[in-house]
Amino acid sequence: MRAPFLYRKSIPFFYEKSPVEFQKDRYERYDPMVIRQTALHLADDLWKQYPLQPVLDFAQPYLPAAPRTIVELGCSVGRWIATLAQKYPTADCWGLDFSYQLLKQAQDFWVDKKEIQLDTSRLGFAGIKSIPGQKLDNLNFGLAKAADLPFADNSQDLVVHSFLLDRVANPATALREHFRVLSSGGMLIFLTPLNFQEAGLWSTYFPPIKIHQLMTHLGFTVLDWLEDLEITEPLDARGNAVVWRTIGVVAQKQTN
Ligand SMILES: C[S@@+](CC[C@H](N)C(=O)[O-])C[C@H]1O[C@@H](n2cnc3c(N)ncnc32)[C@H](O)[C@@H]1O
């Protein structure tokens, strides 16, 4: 694994994020982005159930029997990779993201077992919510770009991400990088709404079959492909919500 440039509060930075990049990144704003992500991923009882459970359910049938190495990209506050770290206690698990504030929340909660005091009044709920942290010894968090991973070639048995591919600058470069780090037989599982922010990305990657073609071109064997998986992201106590129409993809790196 590549050595980090620096550590901040014991979180390794595998990318030297500039002050301008920090300033531009809305996920570096504690209020409201970190609060929203924390509420969405760690405060299930606000919503009666974990809102992104459909992501985990989609992946479930394809999870390898005994992966040695697992990485989640764009892991936010770490819910999916923590679930995998719990399922596979002997696997070496990494959650990587581009936002330090989200990673800090993830590290505090899943590694350092700190209780989170979440002010839910911004979302219309009653006041501060305490969520007790956990300690997962096989889980690490680090700052990296999804298209420039700190891992060696063929080193990861499982790569997952959700709501990420339409947020990276170049999805093709990112997918090529995921292929590079996957081991032979390794699995890539991801969901994305393909809600691109730039016209150029829409013309290159829409309709979704273009992503399928790209993956085949990169060498992936696509094992499952869904185009209409609806995932509801709750917004507040009032019941407002966004419905995302995602594609769900399961692909394998099959070599020789
Ligand atoms: C829409 S959020 C999704 C978070 C979480 N995976 C989920 O499903 O709710 C996008 C996440 O990807 C991260 N991100 C954005 N661009 C990234 C990049 N190039 N590399 C790694 N993470 C990135 C953001 O910091 C944020 O945590």
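Things to note:
- For the range 6-253, with +1 on Lys and Arg beta carbons and -1 on Asp and Glu, the positive-most of Gln107, Leu223, Ser203 along the dipole: Gln107
- Note on Lys24: lysines with a C-alpha under 17 Å away, same-chain residues under 8 apart excluded, are Lys145.
- Placing unit charges on the Cβ atoms of the charged side chains and taking the dipole of the chain about its Cα centre, the candidate lying farthest along the positive direction among Phe163, Ser130, Trp47 is Ser130.
- Relative contact order, whole percent, for the chain stands at 18, derived from Cα pairs under 8 Å and 6 or more residues apart.
- Charged side chains reduced to their Cβ positions (Lys and Arg at +1, Asp and Glu at -1) give the chain a dipole of some 360 debye around its Cα centre.
- Pair-distance profile P(r), taking every C-alpha pair of the range 115-234, with 10 angstrom steps and integer %: 11, 34, 29, 19, 8, 0
- Fully extended contour minus Cα-Cα distance, from Leu235 to Lys9, at 0.36 nm per residue: 78.3 nm
- Filtered trypsin sites (Lys or Arg not before Pro), the range 101-160: DSSP coil and at most 16 other beta carbons within 10 Å: Lys113, Lys114, Lys135
- J(HN,Hα) series, the range 214-223, from Karplus relation 6.51 cos²θ - 1.76 cosθ + 1.60, nearest Hz, glycine and proline x: 4, 5, 4, 4, 6, x, 6, 9, 7, 9
- When the chain is treated as a Gaussian network with alpha carbon springs shorter than 10 Å, the biggest mean-square fluctuation among Asp97, Asp57, Asp153 belongs to Asp57.
- Projected-area average for the chain over all orientations - Cα convex hull basis, square nanometres: 13.4 nm²
- Theoretical ellipticity at 222 nm over the chain - DSSP helices of four or more residues, -39500 (n - 2.57) apiece, nearest 500: -7000 deg cm²/dmol
- If the segment from Arg180 to Thr90 were pulled out straight at 0.36 nm per residue, it would be longer than the present Cα-Cα gap by 30.1 nm.
- Listed by chain and number, the aspartates and glutamates whose alpha-carbon sits under 20 Å from that of Lys253, ignoring those within fewer than 8 places in the same chain, are Glu72, Asp92, Asp148, Asp153, Asp157, Glu177, Asp224.
- Straight-distance crosslink candidates among lysines, where the alpha carbon sits under 22 Å from Lys87 and sequence neighbours closer than 8 are dropped: Lys113, Lys114, Lys135
- Given R0 = 22 Å, the distance between the Cβ atoms of Thr173 and Leu226 translates into a calculated FRET efficiency of 0.35.
- Within the range 6-253, percent of DSSP bridges classed antiparallel, to nearest 5: 55 percent
- Neighbour-limited loop hits for trypsin sites (Lys or Arg not before Pro), the range 210-250 (at most 12 other Cβ within 10 Å; DSSP other than H, G, I, E, B): Arg238
- Thr204 paired with Asp148, simple spin-label distance in nm, labels 7 Å along Cα-to-beta-carbon: 1.6 nm
- Longest exposed-site-free window of the chain, the sites being GluC sites (Glu not before Pro) in a DSSP loop that have at most 16 other C-beta atoms within 10 Å: 17-114
We did not get these values from a lab; they are worked out from the coordinates using the rules stated. Being a predicted model, the structure only gives us computed values, none of them experimental. Cβ atoms come from the backbone with ideal geometry, glycine included; neighbour counts cover every protein chain shown.
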